[in-house]
Ligand code: GLP
């Protein structure tokens, strides 16, 4: 069962993540952080960047693996997850960008890119701490409902709901949102030594309730957190309202 922490706002959640991550970096300067996009982790990254700066923590050897990437979108596109991770995490923290990997969404190589990505995570010794957001339908990474709980990194089709949810990053035009992605599998995510899932707002309440109190099912991919020995779910009152 995942541990649930109810906080009053995103900043408080961010401070919890930042304290935990800063401690990890101090004890293991070449630790491996699992990184996520979306709005949910932003306050956490901000809090961590502030702490790193204030305490002069050396992050030059910290490594990172992102969860997912759009398929067929130029990595230099401002909404690619490569660009997003650079902008929201790598640059504010002052990480070495060469030590941070994002799945390769290039359509020419996507059939083998997933296996290579999982092999790279293993070769790095595995992810120490994975931060996660959650989709309104319970997806983690881009593992939409129905995804195998044992899945590895692979190409997936985005659901209509996720494309609608993400249209805000593409000039509010759902037609501009890519149709496919490459995402770490649920099996990949579960291999991380620690998971921290962040969810805020009433829109996430149902997904959070299914995640924490529902049966473990591929129809709520985040419910796989119940299988993990060290998973923490940090939510505000609104996201906790159906618990
Ligand atoms: C996208 C990402 C997920 C993220 C989700 C929720 O689909 N692939 O990793 O958790 O959005 O985003 P937000 O945190 O903005 O609600």
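Values in this text are rule-based calculations from the coordinates and carry no lab data. Note that the coordinates shown come from a computational prediction; the quantities given were computed from them, not determined experimentally. Reconstructed Cβ throughout: ideal geometry from the backbone, glycine too, with neighbour counts over all protein chains shown.
Please compute the Kirkwood hydrodynamic radius over the stretch 14-80, one decimal place, Å, based on all pairs of different Cα atoms. The partial results should precede the final answer.
Numbers: mean 1/r = 0.0765 Å⁻¹.
Final number for the Kirkwood radius of the stretch 14-80 is 13.1 Å.
What number does the stretch 1-49 give for Rg over Rh if you use C-alpha atoms and the Kirkwood radius?
On the way: Rg = 11.5 Å, Rh = 11.7 Å.
Rg/Rh: 0.98.
Of the candidates 225, 197, 99, which one comes out as most mobile in a Gaussian network treatment of the chain with C-alpha springs shorter than 10 Å?
In this elastic network of the chain, the residue with the biggest mean-square fluctuation among 225, 197, 99 is 99.
Would you list 112, 162 from fewest to most Cβ contacts within 10 Å?
Details: 112 9, 162 19.
Taking fewest neighbouring Cβ atoms as first place, the list is 112, 162.
Based only on other Cβ atoms within 10 Å, what is the fewest-to-most ordering of 170, 200, 142, 219?
Numbers: 170 17, 200 23, 142 28, 219 14.
Lowest to highest Cβ neighbour count: 219, 170, 200, 142.
Based on the Cα atoms of the chain, what semi-axes does the equivalent ellipsoid have, where each is the square root of 5 times one gyration tensor eigenvalue, given in whole Å with the largest first? Walk me through the intermediate numbers first.
On the way: eigenvalues 109, 100, 63 Å².
Largest first, the chain gives 23, 22, 18 Å.
Scattering from the C-alpha atoms of the stretch 94-166 alone, worked out with Debye: what is log10 I(q)/I(0) at q = 0.15, 0.23 1/Å?
The calculated log intensity ratios at q = 0.15, 0.23 Å⁻¹ are -0.64, -1.28.
Where the eigenvalues come from the Cα gyration tensor of the stretch 132-243, what are the semi-axes √(5λ) of the equivalent ellipsoid, largest first, in whole Å?
Working: eigenvalues 96, 66, 25 Å².
Semi-axes, largest first: 22, 18, 11 Å.
Exposure proxy check: 53, 204 ranked by fewest other beta carbons within 10 Å?
Numbers: 53 12, 204 25.
Neighbour counts put them in this order, fewest first: 53, 204.
What value, in deg cm²/dmol to 500, does the helix sum -39500 (n - 2.57) over DSSP H runs of n ≥ 4 give at 222 nm once divided by the residues of the chain?
Working: 7 runs with 72 residues, N = 243.
After summing the helix terms and dividing by residue count, I get -9000 deg cm²/dmol.
Name the shape class, rounded, prolate or oblate, that the alpha-carbon gyration tensor gives for the stretch 45-127, where a ≥ b ≥ c are the square roots of its eigenvalues, rounded holds for a/c under 1.5, and otherwise prolate holds if a/b is larger than b/c and oblate otherwise. Present the calculation step by step, with values, prior to reporting the outcome.
Details: a/c = 3.23, a/b = 1.58, b/c = 2.04.
Oblate, since a/c reaches 1.5 and b/c is not below a/b.
Post the alpha-carbon centroid distance, the stretch 205-241 to the stretch 107-167, in whole angstrom.
Computed from Cα coordinates, the inter-centre distance equals 17 Å.
Compute the orientation-averaged projected area for the stretch 135-175 from the convex hull of its Cα atoms and round it to one decimal in nm². Before the final figure, lay out the partial values.
Values: hull surface 12.5 nm².
The directionally averaged projection comes out at 3.1 nm².
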